[in-house]
Amino acid sequence: MTRSADERAPVGEIAMAGFSRAGFLRGRVGAPPAAARPPWALDGEHRFTAACDACGRCVDACPAKIITTDRAGRPAMNFQAGACDFCGACADACPTGALRRAEGAAPWHMVAVVGTACLSLRAVDCRICGEHCEPRAIRFRPLGGGRRLPDVDAALCTGCGGCVAPCPVTAIAIRPHGQEPKIQEMEKAACG
C-alpha cells in the first residue's frame, strides 16, 4: 500500500500518534503536551482551534519572534527563541477572536515547570533559570548533599518563558497552572 506524502510520518518519527523516535529512546512514550498557545488565547484547546483560522497574523505581529506554528498551522509559543513580554501585538493582530485581549485580564495562566533533569537536583550548582527570571519566581531550596530543589512560586511566575532557553539541559517547560509537579514529588525524584 502506497501512502501519500501527507499520510507518511515525518522523518525521524514513528507512525503512531503522540510518539517520536527520539522521545521513545529517551523513555518519553506518552503523548506530547498540547502546544502553548499565545497570550490571551481562548480557554480550552477545542475553543481555540475552532476559532483560529491559522492566518498567521499573530506570528507576523510578534516583535519577539517567539510565536511559531504547529502542524496544523495554528500559533504556538516557542520559548527556545525567547521570552514573551506580553505586549499584546499578537492579540491585536488576530482577526477571528481566537486571541482576545480583555482589559485587566491576565494574558494566561501558565507557569514554569522544572523537570527532574534539572542539574541542581544532581548536585551541580546551576541556577541559570533563576538568574533569567525577571520576577524572581524561581528559588533554590537546599536538599543536602550539594543538591538544591528548584522551587517556582506560581504566584510570582508570569509564564513568560525567559527561563526556558537558558537551561542547559532543557529541564524547564511552560505549562498551564495546576499541571506543575508538587514539591514533594520533586523531592522524591531528587532523593529517590
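Among the residues making up the range 88-112, those that are of a type outside the set (Gly, Ala, Ser), in contact with a Pro (Cβ under 7 Å, 6 or more places away or on another chain) and outside any loop (DSSP other than H, G, I, E, B) are CYS90, LEU99, MET110.
For the range 108-116, does any single residue satisfy the condition of being over 29 Å from GLY44 (Cα atoms), among the hydroxyl-bearing types (Ser, Thr, Tyr) and at pLDDT below 95? For the range 108-116, residues over 29 Å from GLY44 (Cα atoms), among the hydroxyl-bearing types (Ser, Thr, Tyr) and at pLDDT below 95: absent.
Counting just the residues of the range 106-122 that are under 20 Å from PRO176 (Cα atoms) and not hydrophobic (A, V, I, L, M, F, W, C), which one comes out surrounded by the fewest Cβ atoms within 10 Å (Cβ to Cβ)? Selected residue: HIS109. Of the residues PHE140, PHE86, the single one that is aromatic (Phe, Trp, Tyr) and not assigned by TED's automatic domain parsing to the domain that holds ALA61 is PHE140. State whether the residues of the range 61-69 include one that is at pLDDT 95 or above, in a helix (DSSP H, G or I), within 19 Å of the chain's Cα centre (by Cα) and more than 18 Å from VAL164 (Cα to Cα). Taking every residue of the range 61-69 in turn, none turns out to be at pLDDT 95 or above, in a helix (DSSP H, G or I), within 19 Å of the chain's Cα centre (by Cα) and more than 18 Å from VAL164 (Cα to Cα). Once the range 123-161 is narrowed to residues that are surrounded by 14 or more Cβ atoms within 10 Å (Cβ to Cβ) and basic (Lys, Arg), the residue that is farthest from the chain's Cα centre (by Cα) is ARG147. Counting the residues of the range 23-60 that are at pLDDT 60 or above and small (Gly, Ala, Ser) gives 9. Within the range 94-105, is even one residue among the hydrophobic types (A, V, I, L, M, F, W, C), touching a helix residue (DSSP H, G or I) at 6+ places or on another chain (Cβ under 8 Å), touching a residue at least 60 places away in the same chain (Cβ under 8 Å) and closer than 22 Å to PRO168 by Cβ? Within the range 94-105, not a single residue is among the hydrophobic types (A, V, I, L, M, F, W, C), touching a helix residue (DSSP H, G or I) at 6+ places or on another chain (Cβ under 8 Å), touching a residue at least 60 places away in the same chain (Cβ under 8 Å) and closer than 22 Å to PRO168 by Cβ.
The values are calculated or read from the model by the stated rules, or taken from the named source; none is laboratory data. All values derive from a computational prediction rather than experimental measurement. Every residue, glycine as well, gets a Cβ built from its backbone with ideal geometry; the counts of neighbours run over all protein chains shown.
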